Amino acid sequence: MNIKQWMQAKYLPIPLIALMVMTRFHHFGDVLHLPDASLAVFFFAGFYRKKALLVFLLALAALIDYVAIENGTSSWCVTPAYVFLIPTYAVMWFAGRYCSTFQLTKIGELAKSAGLLVLATSAAFAISNGSFYLFSGRYDDMSLAEYFFRVAQYYPSYVGAALIYAVAGWAIAKLVKSLPEFRANHKSV
């Protein structure tokens, strides 16, 4: 089973759902506060290539946000711009879907996938933050340039978190792929 086949396996949605629930809703409080993995989850969901999973994850994200707000999390981000999370996450899903066409066993294909992930995450950042500026009603007195300079400081962590989760996901996929070979090679031990 290559990485592409593993990523399309029927059990892939379970860890993706769990990761989004664990990181999007800060259920664990100060004990465990991981960066939001939603971008990487949608990217990996694209590998799965099922549109129903995209729709399910969009609904799950909204449900998690609703539950979080009902439990005391600030609703600052829930504005008319919230609907723009749909194209934000769709960009990630389509990037994952495209990357699923690569074998991801050669350095060149890994580099293409990483480059596409950075490009998609950058587009997601522009969509989510641009729509928030334009439609949230919170920055009517601020110029676009001023908003850009204020928000630009969040770009490295936004892209960085997605990349870290993607590298971790790829490493886990490689590990899982190698387990049957590892067991076969070490039966006599």
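No lab work stands behind these numbers, since they all come straight from the coordinates. Because the structure is predicted, anything quoted here is derived from the model rather than measured. A quick note on method: Cβ atoms are made from the backbone with ideal geometry, for glycine too, and the neighbour counts reach across all protein chains shown.
Points worth noting:
- Fewest-first ranking of M92, M22, M142, using other Cβ atoms within 10 Å as the exposure measure: M142, M22, M92
- Once both labels are positioned 7 Å from their Cα atoms along Cα-to-Cβ, the gap between E109 and V67 label points is 3.7 nm.
- Proximal charge balance of G115 [Cβ under 15 Å; K/R count +1, D/E count -1]: +1
- Were the residues from S143 through V83 laid out at 0.36 nm apart, the gain over their Cα-Cα distance would be 19.3 nm.
- Over the chain, relative contact order from alpha-carbon pairs under 8 Å, at least 6 apart, %: 26
- Non-local lysine pairs in the chain, meaning eight or more places apart or on different chains, with alpha-carbon distances under 19 Å, amount to 14.
- Neighbour-count ranking [beta-carbon atoms within 10 angstrom, fewest first] of R97, R150: R150, R97
- Ordering E70, E109 from the fewest to the most neighbouring beta carbons within 10 Å gives E70, E109.
- Annotation: extensible slack from W76 through I164 equals 29.0 nm (criterion: 0.36 nm per residue apart, minus Cα-Cα distance).
- Here the stretch 3-170 is treated as a sphere whose radius is the Kirkwood value from Cα pairs; by Stokes-Einstein at 25 °C and 0.890 mPa s it diffuses with a coefficient of 147 µm²/s.
- If you take all other residues with their beta carbon under 15 Å from the beta carbon of E146, and give Lys and Arg +1 and Asp and Glu -1, the sum is 0.
- Computed from backbone phi, the HN-Hα couplings of the stretch 39-55 come to 4, 5, 4, 5, 4, 5, 5, x, 4, 5, 6, 9, 5, 4, 5, 4, 5 Hz, rounded to whole numbers (Karplus: 6.51 cos²θ - 1.76 cosθ + 1.60, θ = phi - 60°; Gly and Pro given as x).
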